[in-house]
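Pasting a structure below so you can have a look.
Any read-out appearing in this document is the output of simple, stated calculations on the displayed coordinates, not a laboratory observation. Because the structure is predicted, anything quoted here is derived from the model rather than measured. Cβ atoms come from the backbone with ideal geometry, glycine included; neighbour counts cover every protein chain shown.
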Amino acid sequence: MRHRWLALLWPWLCLAPLAGADERLHYPAEPMTGTSGELVVHGALDLVYARPLFEAFHARHPGIALTYRNLDTLSLHRRFLAHPDEVDVLMSSAMPWQYRLANDGHARPLASPEAEAWPAWARWRHELFAFTFEPIVMVVRRELIERFGRPESHADLLAMLERHPEALRGRVVTYDPERSGAGYGYAIQESRLTPRYWDLVAAFGGARAALATTTGEMLAGLDDGRYWLGYNLLGSYARAVADANPALEVVVPDDYALVTQRLALISRHAPHPDNARHFMDFLLGEAGQRVIAEATPLGAVHPALEGPGTATALQATHGEALRPVSLGPGLLATLDDLKRQALLTRWKREFTRTDAASP
């Protein structure tokens, strides 16, 4: 059963597209009174984003020797299943697999004021907590805007692709859902939101859209001008690149925009459960969430925080168009191999619809 589980996990590798292999941060304990001991955190979160968070926690608890290991999502889960007692806290953007772990009894409940106050939509029981808020976006180049206008919605994008398939031939890029876990996850969520999704897939095919496996790959092509429009990119990474390139704009569609989240849990077999609780309380508290809002592009969830880098600000700007992926049993459907094959079969059929219709 474990081998089948890991085989199904493989497509979710690209949910952490820029993560490195077994990178580490370590903060040794400083002699002092108060909280002490060790804390081991494993995550699929790049060091550039993880460092501000762990530095702030260690400044508050210098007596704790803290080790963070950054892994891709496959290695993260494989290692956890093999050695669940070596890690205290597990953080990952692979939402279905984090839910599966909690649902299967691998998570320790957190009973604290921070956990009690956490928004109900951003947690499952008191075992699994969403601590970031990352819209899935479009990225467009000025060349596209100058020629065809700025697509503000999926309807705008569909109309643009249907009217100008030849002019946009090879200039559009999106995920390949067969090779990308992120792409597959977004496809299954969008197909549930609207039947027009399949018309959009057909329009991508008509424009001979390039298919990529990671947000990083798409951003590289947008940055150097190979592509004029990228669809369904992870907004936290996209904004960092767009901020450095004035030719790029990030578009949060105003009809609907999926929101993915990174999920954290305390291992049922955590070797340092008290320190794990300290870290989770920091992660869910105003102090840790403020670090996420101000020092990373990941998006803070805490309802008391406002301004740039917060879910509150995004919701004020984009309202009900933002659709966070629900934390619940529906996530397990993405791990069903028969459902996956059925969706991929239809996706390929729709993507080649224009070819099939040609004489």
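Give me the dipole magnitude in Debye, nearest 20, for the stretch 64-180 about the Cα centre, with unit charges on the beta carbon: positive for Lys and Arg, negative for Asp and Glu.
Rounded to the nearest 20 debye, it is 300 debye.
What do you get for the angle between helix 47-60 and the principal long axis of the chain? Use alpha-carbon atoms, 0 to 90 degrees, nearest ten.
Roughly 30 degrees, rounded to the nearest 10.
Further question on the same structure: Kindly state, as a whole number, the per residue volume in cubic angstrom of the convex hull around the alpha carbon atoms of the stretch 288-359.
Value for the stretch 288-359: 166 Å³ per residue.
Further question on the same structure: Under 10 Å, Cα contacts only: if you run a Gaussian network model on the chain, which one of T213, T67, T194 comes out with the highest mean-square fluctuation?
T194
Once amide H atoms are placed 1.01 Å from N in the peptide plane, what residues at a sequence separation of 5 or more from R108, or on another chain, have their amide H within under 5 Å of its amide H?
Under 5 Å from the amide H of R108: I266, S267, R268.
Given an 8 Å cut-off on Cα distances and at least 6 residues of separation, report the relative contact order of the chain as a percent.
On the way: 685 pairs, mean separation 87.9, N = 359.
It comes to 24 percent, rounded to a whole number.
For the stretch 137-147, what does the Karplus curve 6.51 cos²θ - 1.76 cosθ + 1.60, with θ = phi - 60°, yield as ³J(HN,Hα) per residue in whole Hz, taken in order and with x for Gly and Pro?
Residue by residue, the stretch 137-147 yields 10, 9, 10, 10, 8, 4, 4, 5, 4, 5, 8 Hz.
May I pose another question? Taking only DSSP H segments of four or more residues, each worth -39500 (n - 2.57), what value at 222 nm results for the chain once the sum is divided by all its residues, to the nearest 500 deg cm²/dmol?
Details: 16 runs with 155 residues, N = 359.
It lands at -12500 deg cm²/dmol.
Show the residues, 5+ positions off or on another chain, whose built amide H is closer than 5 Å to the amide H of V251.
Those lying under 5 Å, H to H, from V251 are M138, V139, V140.
A follow-up question, please. Note the angle between two axes, namely the Cα long axis of helix 154-163 and the longest principal axis of the Cα atoms of the chain, as a number of degrees from 0 to 90, rounded to the nearest 10.
The two axes meet at around 30 degrees.
Please list, in order along the stretch 329-346, the HN-Hα scalar couplings obtained from phi with the Karplus expression 6.51 cos²θ - 1.76 cosθ + 1.60 (θ = phi - 60°), rounded to whole Hz, x for Gly and Pro.
For the stretch 329-346, the Karplus curve yields x, x, 5, 5, 4, 5, 9, 7, 5, 5, 5, 4, 5, 5, 5, 5, 4, 5 Hz.
Determine the relative contact order of the stretch 211-359: mean sequence separation of Cα pairs under 8 Å and six or more apart, normalised by residue count, in whole percent.
18 percent
GNM, the chain, Cα, under 10 Å: largest mean-square fluctuation among A304, A44, A94?
Among A304, A44, A94, the largest mean-square fluctuation in the Gaussian network model of the chain belongs to A304.
Out of R100, R192, R69, any idea which swings most in a Gaussian network model of the chain, alpha carbons joined below 10 Å?
Evaluated over the chain, the most mobile residue of the options is R192.
Hey, another quick one. How high is the relative contact order of the stretch 165-286, in percent, counting Cα pairs under 8 Å that sit 6 or more residues apart?
26 percent
Separate question: The stretch 46-115 to the stretch 224-276: how many Å between their Cα centroids?
Cα centroid of the stretch 46-115 versus Cα centroid of the stretch 224-276: 18 Å apart.
Using only Cα atoms, find the angle between the long axis of helix 273-284 and the longest principal axis of the chain, and express it within 0 to 90 degrees, rounded to the nearest 10.
40 degrees
Which value, to two decimals, describes the C-alpha radius of gyration of the stretch 88-217 once divided by 2.2 N^0.38 Å?
Here the answer is 1.36, to two decimals.
Quote the Stokes-Einstein diffusion coefficient, in whole µm² s⁻¹, for the chain, based on the Kirkwood radius over alpha carbon pairs, a temperature of 4 °C and a viscosity of 1.567 mPa s.
62 µm²/s
Check E23: other-chain or 5+ apart residues with amide H under 5 Å from its amide H, H built from backbone geometry?
Here N70 satisfy the definition.
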